[in-house]
Every structure is written in C-alpha cells, then in structure tokens.
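Before I ask anything, here is the structure I am working with.
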Amino acid sequence: MHYEFPLVFFTVLTQLAVGMAVFAAFGMLRPAAGAVTTAPGQAAGASPLGGKEWYVVAGAALLGLAASMLHLAQPWRAATALTNMGGSWLSREGLVFGLFAALACLCCFKPSRLLCVLTAVAGLAGIIMQGMTYAVISMPAISNGVPMLLFALTSLSLGAAFAQNRVGVLRVFLGMLMAVLLIVPCVWASGGTIMQATAHAWLASPLFWGGLALLGAAFGLTYAARQRACSLVLLVLCAVLLSRIVFFKDTIHTATGLGLPY
C-alpha cells in the first residue's frame, strides 16, 4: 500500500480549482444576495479572497498538474502521456486539465462571462475524465461510478467552502459527501473478497474517520452564528486530503496477496 502523495495533491488541487471555477462562473451569471460587483468577474465581500478567485483557480490547477508529474518515473517525458487520446482516459484527463489551466490563466486577466463559463465547463469535463481514469478494472471497489461521484462532491464542497456567500450550498454538499463516504464502504462489505477487503481497510483507517470528523466539524460550523471563513476552508481542505489519502492507500488491488499461501 502506498500513500501516492503526488496523486493525492494532483486530484485535490485540480478539484479545488474546478470547484472554485464553477462557483466563480456561477457568481458572475447569478451574483449572491448582498454581493456588490466591482469589476468583471469580481464581487466585493463575496469571498475571503477579495475578488482574486481566478488567480487561486489558475495557481491550484498549475500546481496540481505539476504534482501529477512527480508520479511519473520520468517526469521530463510527461508530454508522452498525451499521445493516446483514442484509448486512454489518462491522456484525455491530462489534455482537458491542461486546457482548463490555460483558460483559468486567461480569466486572471480578462474574466468575461463567456470565458469564465467555458473554463468551468472544461473543469467539469476534467472531473469526468478523472473519474474514469481512476475507475480501474483491477480495483473492483472503485471500478464503477464511485470515483466520479466522490471527485464531483469533493470539488463542489471545496468550491463552496471558498465561496463564503454559498454556505447553504456548502452544507448540502458536505452532507452528501459524508453520506457517500459512510454508505459506500458498507455496500462494498456485501461484495466480493477484494471489495470486502477494501471496505475493511477504509473502515479500519484512522485517516478515514479523521476525515469524516473534520467534515462533520465543518458541517456544524456552517450553522454557527459567526462563521470564520479561514476555519471553514481549512477544515474542508484537511478533511478532503485525509479521505483522498485513504482512497489511494487503502483501496485494494486484485493483485494483492498473489503468491502468498492461503
């Protein structure tokens, strides 16, 4: 079992960027109540980032792509991962997130409504590609729609956490994410040997329960009379990192135990 930190940071950072892009684009089309527009794509008082959301989106996307290269045996040949568009979800994922990062950089300088919406759509397409990339056949527990569902909820939860004027939406996504994290291992427990082993590994992991505890704390904080933006963001981000470590470390491969006596 490996922690796969490059993949942890790649998936979390790109999903953070996509979630922020979605809420930033949605905010331009339908500003939250009380938000005062100060410039194209920016709303005063709507975010703790002070109208610099697209800089964070671009930075997170670029850092995520850089982290993904650390997973490669030869990072300097990363471009070769894009050469199999016809048969590899990994190639498609890299291309779409590269396009997303480029569009996010453009939004830093000229955040028109059309460009911001296109960036958000590209990011959502990237989440779909990412979900397909990690739904590998050799890992029966996640060889389905579970990765895509988890990644989508993670992305939207992180995006809503940064968009402080969307606390009600954040509460919904956090509740959905906690429910999925609890229900999915229970479903695996009724499956085959590898799925049962994955369920046991997840439920026995302190990181899994630590992530759930932090999500619960963030969920409770959304009901507080005085919400602290930084605390909410930090809780959600740390919870997602812990649960993502579990995703890569404790999901059992069919090759596990090969060659060992029964």
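What shape does the range 119-184 take by its C-alpha gyration tensor, where a ≥ b ≥ c are the square roots of the eigenvalues and a/c under 1.5 counts as rounded, a/b above b/c as prolate, and the rest as oblate?
oblate
Could I ask something else about it? Across the range 94-101, in residue order, what do the Karplus-derived ³J(HN,Hα) couplings come to in whole Hz, using 6.51 cos²θ - 1.76 cosθ + 1.60 with θ = phi - 60° and x for Gly and Pro?
x, 5, 5, 6, x, 5, 4, 4
Residues of the range 217-252 with amide nitrogen under 11 Å from the 7 Å Cα-to-Cβ point of Glu4?
244-252, by backbone N distance to the label point.
If you don't mind, another one. What three numbers, in Å, describe the spread of the alpha carbons of the range 127-262 along their principal axes, ordered from the longest?
Dimensions of the range 127-262 along the principal axes of its Cα atoms: 58, 30, 21 Å.
Taken together, the values in this text are just the output of simple stated rules run on the coordinates, not laboratory data. This one's a predicted model, so the numbers in the text were calculated from it and none came from an experiment. Don't worry about glycine lacking a Cβ; one is built from the backbone with ideal geometry, like all the others, and counts go over all protein chains shown.
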